[in-house]
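Asker: Below is the structure I would like to discuss, written out as structure tokens.
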Amino acid sequence: MGMLLAFAPFIAFAVIDRLVGSMEGLFAGALVATVLLLRDVVSQGRVVKILDLGTFILFCGLALYAYLLQPNWSIIAVRLFVDSGLLAIVLLSLAIGKPFTLQYAREQVSAELWDTTEFYRTNVVISLAWALAFGVMVAAELALLYLPDIPHRAGVIAIILALVGAVKFTSWYPETRRNAARP
């Protein structure tokens, strides 16, 4: 549940972007990201998560840029910036050796598993699956932006399939690894 809640700023952005506009969507994402980050900062026993901090920086930065400079971005371009930022957060977490899923997984398993190689590897693989999904989203948005003959529906389908695939993989893979480890 924690990891899914971390995507709330992106959901708020998508809904408000669709219903009202991109600028408002960016500010909605920034607001939700701020609330999630503040929850971690002020709550006893909670740590600031890489994804929450990155999302806060992403949405606040894009919202501020859009407000101050008022660029003439298309809806697809704004979504491309948001999803590219999300992909960058995930790739950065992997590059620094702290896969973004690790912090959420630690909330669901006993502490004695945290330092095991298998636990770490599992989180690397799951984070890579999310990176792949976000990469597909970015590629679909790039195609929609630069290849206008591609049906919009094809891009939307690719994005939905990528997200559903990542969610299903996230629930399937750890169980498969646990079963493989059992004698």
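Asker: How many residues, within the range 106-141, are more than 18 Å from the chain's Cα centre (by Cα) and among the hydrophobic types (A, V, I, L, M, F, W, C)?
Answerer: Of the residues in that region, 5 qualify.
Asker: To continue, here is another question. In this structure, does V156 turn out to be within 25 Å of L92 (Cβ to Cβ) and not hydroxyl-bearing (S, T, Y)?
Answerer: no
Asker: Please indicate, with yes or no, whether at least one residue in the range 105-114 is among the hydrophobic types (A, V, I, L, M, F, W, C), modelled with pLDDT under 95, crowded, with 20+ Cβ neighbours inside 10 Å and not in a loop (DSSP other than H, G, I, E, B).
Answerer: Within the range 105-114 (the criterion being among the hydrophobic types (A, V, I, L, M, F, W, C), modelled with pLDDT under 95, crowded, with 20+ Cβ neighbours inside 10 Å and not in a loop (DSSP other than H, G, I, E, B)), the answer is yes, since at least one residue qualifies.
Asker: Go through (1) under 21 Å from M137 (Cα atoms); (2) part of a helix (DSSP H, G or I); (3) at pLDDT 95 or above one by one and return the number of the condition L31 breaks.
Answerer: (1)
Asker: Evaluate the range 143-163: report whether one residue or more is of a type in the set (D, E, K, R) and more than 23 Å from I11 (Cβ to Cβ).
Answerer: yes
Asker: Then there's this: What pairs come out if I take residues in the range 158-176 that are farther than 15 Å from G135 by Cβ and pair them with residues that are of a type outside the set (G, A, S) and assigned to a helix (DSSP H, G or I) whose C-beta lies under 7 Å away, six or more apart or interchain?
Answerer: Taking only residues 6 or more apart or on different chains, the pairs are T170/I126; Y173/T122; Y173/V125; Y173/I126; P174/T122.
Asker: Restrict the check to the range 162-176 and report whether at least one residue is under 21 Å from T55 (Cα atoms), in contact with a Phe, Trp or Tyr (Cβ under 7 Å, 6 or more places away or on another chain) and not β-branched (V, I, T).
Answerer: Within the range 162-176, one or more residues are under 21 Å from T55 (Cα atoms), in contact with a Phe, Trp or Tyr (Cβ under 7 Å, 6 or more places away or on another chain) and not β-branched (V, I, T).
Asker: Tell me which of these K49 doesn't satisfy, since it passes every other one: (1) surrounded by fewer than 19 Cβ atoms within 10 Å (Cβ to Cβ); (2) over 25 Å from H152 (Cβ atoms).
Answerer: If we test K49 against (1) surrounded by fewer than 19 Cβ atoms within 10 Å (Cβ to Cβ); (2) over 25 Å from H152 (Cβ atoms), just (1) comes out false.
Asker: Next up: Can I76 be described as touching a helix residue (DSSP H, G or I) at 6+ places or on another chain (Cβ under 8 Å), of a type in the set (A, V, I, L, M, F, W, C) and assigned to a helix (DSSP H, G or I)?
Answerer: The answer is yes for I76.
Asker: Any idea which of G155, G54 is assigned by TED's automatic domain parsing to the domain that holds L5, of a type outside the set (S, T, N, Q) and within 23 Å of G25 (Cα to Cα)?
Answerer: The unique qualifying residue is G54.
Asker: Output the number of the condition that K98 fails; it satisfies all remaining conditions of (1) surrounded by fewer than 18 Cβ atoms within 10 Å (Cβ to Cβ); (2) assigned to a helix (DSSP H, G or I).
Answerer: Every condition holds for K98 apart from (2).
Asker: Okay, moving on. Check the range 133-148 and report whether any residue there is at pLDDT 95 or above, surrounded by fewer than 16 Cβ atoms within 10 Å (Cβ to Cβ) and closer than 26 Å to R46 by Cβ.
Answerer: No, there is no match, as no residue in the range 133-148 is at pLDDT 95 or above, surrounded by fewer than 16 Cβ atoms within 10 Å (Cβ to Cβ) and closer than 26 Å to R46 by Cβ.
The values are calculated or read from the model by the stated rules, or taken from the named source; none is laboratory data. None of these values were measured; they are calculated from a predicted model. Cβ coordinates were reconstructed from backbone atoms using ideal geometry, including for glycine residues, and neighbour counts include every protein chain displayed.
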